[in-house]
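Participant: Before anything else, here's the structure in question.
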């Protein structure tokens, strides 16, 4: 209560100030400078080729997931077809690059994402004008229909979408500036990083504008937003178009990165992936989709290396987040912010210890589940390749009773122990938040 | 021409009725619980695979009964232990839960039966031609599909409109608190509706499996079509879903048999279509090729001209 009151009291004070002080400017700029520095030095820390590729993919995914969150998180529009704008941005960027190469136009590669932005915006305006008439579930279904429309068309209009093999290009053939030819991955990484930081700043700034606030109002209560004098449909439409713009930039960056765009870029799987990234990271605050994009990209590259059924793990992860942590990973982290602010360090330490205590059985349960999935998969699909599989550097015989018994014991035991530790965690949490609340009151 | 029209009409109605079997469950669940079941087509797929597996062991007819019951049971369990817990996080969380579920079901089906189509065949007792229309033999199995779909539709409508159970369901839909006050277990009614809805999808799967291809990607394409049916018909309207199912079934079936393109039409009236360019395909695409995207075009058109759908009421 007091926290809300203080927040409300703070706003006019900050806004009334005609010129922000140097300290305020520094506070505003510092996180973004830190981010830019982090992007700049990351390749020096992770030097392998795989890491560089993955970092590039993460940068693209961050832009894409944040653009998705402009819809789901900020405006409350659940879209199942966001890849349409990503993919079409990519296709138009590729065609633009090929035209530039063909006609020898004086356009350098770093400007190509602008093409993606314009085309994403244009298609956002076109499809948004029909689909944002409805909100909620109807919007979700319509977005899926539009997504299917475009991805089915991509196999029919072969001239534009390049059929199954897609449209390829050569990023090194454009006008060179500062003697950069964008052949090596490191140069492409810095191009992506620069655009990523730019887009992040732009999208964050957008959430701070009156328009961003209206998006939130439309998400929370469209009727009241209408009473204030804003047409919810118009707000949704603008948010949708702008989300298309940033998705188009992400698509163009992907086109530059891969030098190839095919119909998978507009497909349902890509739409599902961005939804997964944004939601698992947490749609409730700005940093959530960034966390989700990094995690999902990493998991996707790593898991698909280790197991054939990585998509199953993705689905289970998603269901787990929806059921038990609907605010995503960032929501779980932000839950602890009041404790941190109240300086309830001692109870936080106790809480951390109970977390560790609960983590152990959770890991046992997880190991059991992984064992179960992998052994079932091996037994049913890969039976021809013998009956032994190696997991966690231990060999398991998928036909032996012992291995299955171990699996059952791990799952049941892990679940039981987790259930036992949960009340302890819950009690520690309540103590900590009570203390934080008390401290907040005392202040 | 008459032959084409007759056969296409029969096939279109058949496809439309199959769509309706699924769309009715989807609509019922949606109007009752406000949950859009993204995994509805996945239950259809489970029905087809269960039907295949069970018919391998005990034959088609027992499978025809057992598979939908099993799938309906799974659906009820999903409602009881999954959806009901997610409910407090709001409708978006519920929709996302079923989205994740669709993902998981597809993967599990791939794990068990692989990615290739399984050999799910028409039972020998129905493997003959029912009648000959214009020198084309019309298979008895398709007639069986049609009759089953129509019968289920009739039973469903009868139960819903004429029995006490239907009355309670309808009341629980609009006045859940009052129904609970009268001593009915509303959550259990929801569980049953979800179970029956998914069971209906499974019936469609069992009977459509042998006629179409039974493989692990059969849900993916269908779910979008189902959503089109539900939106075009009007969200939550059973009769709208019926109309839209038939409409889409007929349109898609007829489209396949029309081999005409814009270029042909323009050529017919003596205008040469522009040639070349990235969009030259636009002129040469035939209606038959467009078949798969016609439902989505219909969706966009409906949204422009009648945003509430054919039989939909105004959005609150």
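The values are calculated or read from the model by the stated rules, or taken from the named source; none is laboratory data. Worth saying up front: this structure is predicted, and the values here are computed from it rather than measured. Note: ideal-geometry Cβ built from the backbone for every residue, glycine included; neighbour counts use all protein chains shown.
Participant: Please verify whether the range A:318-326 includes one or more residues that are under 28 Å from residue A:150 (Cα atoms), out of contact with any strand residue (DSSP E or B) (no Cβ under 8 Å at 6 or more places or on another chain), free of Cβ contacts under 8 Å to residues at least 24 places away in the same chain and in a helix (DSSP H, G or I).
Facilitator: yes
Participant: On to the next question. Could you please tell me which pairs satisfy a Cβ distance under 9 Å, a separation of 6+ or placement on different chains, a first residue in the range A:329-343 that is outside the structural domain of residue A:318 (by TED's automatic domain parsing) and touching a residue at least 60 places away in the same chain (Cβ under 8 Å), and a second residue that is surrounded by fewer than 17 Cβ atoms within 10 Å (Cβ to Cβ) and in a loop (DSSP other than H, G, I, E, B)?
Facilitator: Here the result reads A:342/A:443, each pair linking the range A:329-343 to a residue that is surrounded by fewer than 17 Cβ atoms within 10 Å (Cβ to Cβ) and in a loop (DSSP other than H, G, I, E, B).
Participant: Please specify each residue of the range B:74-125 satisfying the condition of being in contact (Cβ under 8 Å) with a residue 12 or more places away in the chain, more than 27 Å from residue A:331 (Cα to Cα) and assigned to a helix (DSSP H, G or I).
Facilitator: B:74, B:75, B:76, B:105, B:106, B:109, B:110, B:112, B:113, B:125
Participant: Could you list all residues from the range A:324-361 that are within 19 Å of residue A:423 (Cβ to Cβ), within 14 Å of chain B (Cβ to nearest Cβ) and surrounded by 13 or more Cβ atoms within 10 Å (Cβ to Cβ)?
Facilitator: Of everything in the range A:324-361, just one residue is within 19 Å of residue A:423 (Cβ to Cβ), within 14 Å of chain B (Cβ to nearest Cβ) and surrounded by 13 or more Cβ atoms within 10 Å (Cβ to Cβ), namely A:325.
Participant: Quick one: is residue B:129 free of Cβ contacts under 8 Å to residues at least 24 places away in the same chain and either more than 7 Å from chain A (Cβ to nearest Cβ) or exposed (fewer than 14 other Cβ atoms within 10 Å of the Cβ) (or both)?
Facilitator: yes
Participant: Return the only residue of A:218, A:235, A:301 being within 26 Å of residue A:184 (Cα to Cα) and part of a helix (DSSP H, G or I).
Facilitator: Of the residues listed, the single one that is within 26 Å of residue A:184 (Cα to Cα) and part of a helix (DSSP H, G or I) is A:301.
So that you can scan it fast, the table gives a plain yes or no per residue for (1) in a helix (DSSP H, G or I); (2) modelled with pLDDT under 85; (3) facing chain B (nearest Cβ under 10 Å); (4) surrounded by 18 or more Cβ atoms within 10 Å (Cβ to Cβ):
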| position | (1), (2), (3), (4) |
| --- | --- |
| A:127 | yes, no, yes, yes |
| A:134 | no, yes, yes, yes |
| A:138 | yes, yes, yes, yes |
| A:160 | yes, yes, yes, yes |
| A:164 | no, yes, no, no |
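Participant: Taking the residues in the range B:249-262 that are more than 13 Å from every other protein chain (Cβ to nearest Cβ) and modelled with pLDDT of 80 or more as candidates, determine which candidate is nearest to residue B:152 (Cα to Cα).
Facilitator: Among them, the one singled out is B:249.
Participant: Return a yes/no flag: does the range A:250-270 have any residue that is under 13 Å from the mean Cα position of the chain (by Cα) and not in a loop (DSSP other than H, G, I, E, B).
Facilitator: Within the range A:250-270 (the criterion being under 13 Å from the mean Cα position of the chain (by Cα) and not in a loop (DSSP other than H, G, I, E, B)), the answer is yes, since at least one residue qualifies.
Participant: Looking at this structure, is residue B:146 in contact (Cβ under 8 Å) with a residue 40 or more places away in the chain, surrounded by 17 or more Cβ atoms within 10 Å (Cβ to Cβ) and either part of a loop (DSSP other than H, G, I, E, B) or at the interface with another protein chain (Cβ under 9 Å from one of its Cβ atoms) (or both)?
Facilitator: Considered against the rule, which asks whether it is in contact (Cβ under 8 Å) with a residue 40 or more places away in the chain, surrounded by 17 or more Cβ atoms within 10 Å (Cβ to Cβ) and either part of a loop (DSSP other than H, G, I, E, B) or at the interface with another protein chain (Cβ under 9 Å from one of its Cβ atoms) (or both), residue B:146 comes out as no.
Participant: In the list B:101, B:46, which residue meets the criterion of being at pLDDT 90 or above, facing chain A (nearest Cβ under 9 Å) and crowded, with 21+ Cβ neighbours inside 10 Å?
Facilitator: Every option except B:101 fails the conditions.
Participant: Within the bounds of the range A:330-342, is there any residue that is at positive phi and part of a helix (DSSP H, G or I)?
Facilitator: no
Participant: Output the residue which, of all residues in the range A:147-158 that are within 7 Å of another protein chain (Cβ to nearest Cβ) and under 30 Å from residue B:237 (Cα atoms), is nearest to the chain's Cα centre (by Cα).
Facilitator: Looking at residues that are within 7 Å of another protein chain (Cβ to nearest Cβ) and under 30 Å from residue B:237 (Cα atoms), I get A:148.
Participant: Can you say whether residue A:232 is farther than 24 Å from residue A:315 by Cα and in contact (Cβ under 8 Å) with a residue 40 or more places away in the chain, as far as the supplied structure shows?
Facilitator: Against the criterion (farther than 24 Å from residue A:315 by Cα and in contact (Cβ under 8 Å) with a residue 40 or more places away in the chain), residue A:232 qualifies.
Residue by residue, here is whether (1) modelled with pLDDT under 85; (2) assigned to a helix (DSSP H, G or I); (3) surrounded by fewer than 18 Cβ atoms within 10 Å (Cβ to Cβ); (4) within 11 Å of chain A (Cβ to nearest Cβ) holds:
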| residue | (1), (2), (3), (4) |
| --- | --- |
| B:206 | no, yes, no, no |
| B:225 | no, yes, no, yes |
| B:243 | no, yes, no, no |
| B:247 | no, yes, no, no |
| B:267 | yes, yes, yes, no |
| B:313 | yes, no, yes, no |
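One line per residue, one yes/no per condition, for (1) in contact with a helix residue (DSSP H, G or I) (Cβ under 8 Å, 6 or more places away or on another chain); (2) more than 14 Å from chain B (Cβ to nearest Cβ); (3) modelled with pLDDT of 80 or more:
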residue	(1), (2), (3)
A:372	yes, no, yes
A:382	no, no, no
A:390	no, yes, no
A:397	yes, yes, no
A:409	yes, yes, yes
A:419	no, yes, yes
